[in-house]
1. How do L144, L119, L106 rank by accessible surface area computed with a 1.4 Å probe, from largest to smallest?
2. Would you mind working out the magnitude of the charge dipole of the chain relative to its Cα centre, with +1 at each Lys and Arg C-beta and -1 at each Asp and Glu C-beta, to the nearest 20 Debye?
3. Using a 1.4 angstrom probe with every protein chain in place, what is the largest-first accessible-area order of D90, D124, D22?
4. Springs between alpha-carbon atoms under 10 Å, Gaussian network over the chain: tell me which of N98, N88, N59 tops the mean-square fluctuations.
5. For segment 8-93, what ratio Rg/Rh do Cα atoms give with a Kirkwood hydrodynamic radius?
6. Any idea how many Lys pairs in the chain come in under 26 angstrom at the alpha carbon, given 8 or more places apart or on separate chains?
7. Compute the length gained on full extension between V121 and A53: take 0.36 nm times their separation in residues and subtract their Cα-Cα distance, giving the result in nm to one decimal.
8. For segment 140-155, take each phi angle, set θ = phi - 60°, evaluate the Karplus expression 6.51 cos²θ - 1.76 cosθ + 1.60, and give the result in whole Hz per residue in order, putting x for glycine and proline.
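The values are calculated or read from the model by the stated rules, or taken from the named source; none is laboratory data. Please read all numbers here as calculations on a predicted model, not as lab measurements. Virtual Cβ from ideal backbone geometry, glycine too; neighbours counted across all protein chains shown. Ligands, DNA and RNA are stripped out before the accessible areas are found, and what is left, the full protein with its side chains, is counted by its heavy atoms. Shrake-Rupley method; radii C 1.70, N 1.55, O 1.52, S 1.80 Å.
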Amino acid sequence: LLHVHPTKEKPYHTIITSGMSDKPMMVPIGAEEFRYGELMIALPASWPISEEAFKDESNYWPLGILKMYAHMVHEYETWLGYGHTIPNGDPAAPFARNTNLCCGMLLHPTLMPPGFRKLRVRDDKTILFYALVPIYREEMDFKLRESAEQLEARLRQAHVSELLDIARVNVCPKKKLFGFFGLL
């Protein structure tokens, strides 16, 4: 993992995988332009970043899922790209005790300049960068029912980006029926 420290202009830690794009992913026929990818996430400037802090899963989990997803594509001969969602187990369980976020979704980075999304390294190799946005189970269910684009629109409307907020609002909360059963 590569770590870019917070700056005055970008007051957050940027964590980027390095090595996922060393080998091509097993993309479907016709999707060859998506063979090479890397992942990134942004952590608040106050996020504990040290070997000692990472002994606590509540601090380490964002890095752990980046590593897991980056290895997964080659270990299972699959691919990851825009809109893909990955639950943390079945059923999806929170990533750590400090959050109810339990799934990951890959979106285009919004905190980085548009040119960050693609890195052409050779005529035959362009690396695409995807933002890992941790999401709630209800949000993943909505994406599976509707579309990645519709969920992304809801997330963007709520100002959700790749900057991790472990207690952010759920943009697809379960609807609750209060007192309707005793009315008839």
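1. L144, L119, L106
2. Value, rounded to 20: 480 debye.
3. D90, D22, D124
4. N98
5. 1.02
6. 14
7. Length gained, V121 through A53: 21.0 nm.
8. 5, 4, 4, 4, 5, 6, 9, 5, 4, 4, 5, 5, 4, 4, 5, 5
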